[in-house]
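Below is one structure, written out as structure tokens, with a few remarks after it.
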Amino acid sequence: MILTLPTFQNKVDYWPGLIATYRPYLPVTDATPIVTLHEGNTPLIPVPTIAAQIGRQVEVFVKYDGLNPTGSFKDRGMTLAVSKAKESGSKAVICASTGNTSAAAAAYARRAGLHAFVIIPDGYVAMGKLAQALLYGAEVIAIQGNFDEALEIVRQVSEAYPVTLVNSVNPYRLEGQKTAAFEIVDTLGDAPDWLCIPVGNAGNITAYWRGFCQYHQHKRCQRRPQMMGFQAAGASPIVSGQIVECPETVATAIRIGNPANWEGAIAAQQDSGGKFTAVTDAEILAAYRMLAADEGIFCEPASAASVAGVLKIKEDVPTQATVVCVLTGNGLKDPEIALQQKTKRFYQGVAPDLDLVAQIMGLSH
Ligand code: F0G
């Protein structure tokens with residue numbers, strides 16, 4: 001029998017990255033050098049176990065943005081921010097970060113041949129994120145202070161020196177990040193009823209809302225979702241309406257007490273008829289474990305806030321609603337928190353003995 005093997009000589013369709021895909025909606029010109037790692041096009045995954053907990057024929061999906069090239073949604077903003085920085089002739093970028101922004105800034109800046117400087121809160125950045133920033137070749141400055149203090153410093157540096165700020169106060173960041181809303185609509189055929197999202201510096205919720213509004217204006221969707229923002233209880237300034245001086249949460253990515261995009265987040269919530277809710281660390285970690293063990297989806301703790309949130313206010317979810325929870329970062333970013341989760345299924349120091357192993361497996365003759 002003769003097998004016909006594919007030859008791969010024909011051009012294979014591939015995803016060219018966000019800017020090429022959504023170019024008409026983005027502030028780029030022929031003069032913009034596109035810096036891309038082919039980010040975006042992340043899957044929208046049904047999570048039936050979580051949907052079943054809500055009931056009432058609600059459909060729940062997660063937008064798994066942890067599958068971006070550096071493992072978080074920040075790549076969406078960074079492809080555009082770094083492309084525009086390069087276009088403007090900038091030689092260096094700087095950001096403050098709880099980790100993911102620093103990884104993305106470092107990767108895209110180095111790809112563009114720019115220097116990357118990142119300022120992080122010492123001791124509060126998950127191991128995977130720090131490892132990324134260092135290996136991508138950023139200059140990493142760990143300060144004895146929190147994210148809010150780091151952001152203040154990078155704002156000052158970028159005002160005083162020729163270094164481009166790539167935190168979400170850079171307008172191009174949000175322009176890039178809004179494409180996640182486009183992808184959701186392109187996949188579902190319309191906007192969901194609810195968009196559930198973790199909120200830290202509040203850039204992403206602002207960006208999503210902008211994306212849904214823009215697609216709606218261009219008649220790419222019939223409706224816009226209610227924007228449901230979730231903050232960690234120990235770092236929930238938008239929920240309480242007050243700056244939190246010393247934010248604390250296991251979800252270090254959203255350990256932020258004074259969000260830079262506070263007003264954008266409030267506008268998104270009010271214009272969409274949405275809501276802000278705080279979720280405790282215990283609720284975040286329960287959702288984090290549930291996503292992994294029941295759905296096979298490993299996200300980082302901050303990301304699980306969106307799922308913890310929808311479960312917390314499940315009585316408010318309309319019957320037959322379509323809900324999308326944004327999973328902003330990959331679980332591999334923070335292996336320490338994963339290993340701290342008590343599981344009864346880890347048997348260490350076991351002798352290499354068939355009977356013993358079979359016994360542990362619950363098998364017997
Ligand atoms: N989820 C993850 C995994 C994050 O890293 C962040 C923010 C958020 C959610 C919140 O998004 O700030 O737009 O409201 N991380 C920033 C950083 C602060 O430095 O990586 P936001």
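The values are calculated or read from the model by the stated rules, or taken from the named source; none is laboratory data. Not measured: the values here are computed from a predicted model. Note that we place each Cβ from the backbone using ideal geometry, even for glycine, and neighbour counts take in every protein chain shown.
Observations, loosely collected:
- Taking segment 203-237 as the range and being assigned to a helix (DSSP H, G or I) and of a type in the set (Phe, Trp, Tyr) as the test, the residues that pass are Tyr208, Trp209, Phe212, Tyr215.
- Scope segment 78-100; condition crowded, with 24+ Cβ neighbours inside 10 Å and either under 11 Å from the mean Cα position of the chain (by Cα) or not in a helix (DSSP H, G or I) (or both); matching residues: Val93, Ile94, Cys95, Ala96, Ser97, Thr98, Gly99, Asn100
- Residue ID - surrounded by the most Cβ atoms within 10 Å (Cβ to Cβ), chosen from residues in segment 153-170 that are away from the ligand (no atom under 13 Å from the Cβ) and touching a residue at least 24 places away in the same chain (Cβ under 8 Å): Thr164
- The selection criterion, being within 16 Å of the ligand (Cβ to nearest atom) and assigned to a strand (DSSP E or B), does not hold for Phe61.
- When the residues of segment 336-365 are filtered to those that are within 37 Å of the chain's Cα centre (by Cα) and among the hydroxyl-bearing types (Ser, Thr, Tyr), the one that is nearest to Val125 (Cα to Cα) is Thr343.
- Condition check for Asn204: at pLDDT 95 or above, more than 22 Å from Val317 (Cβ to Cβ) and either surrounded by 18 or more Cβ atoms within 10 Å (Cβ to Cβ) or over 19 Å from the mean Cα position of the chain (by Cα) (or both): no
- Pairs with Cβ under 6 Å, 6+ apart, first in segment 336-365 and loosely packed, with under 10 Cβ neighbours inside 10 Å, second at pLDDT below 95: none
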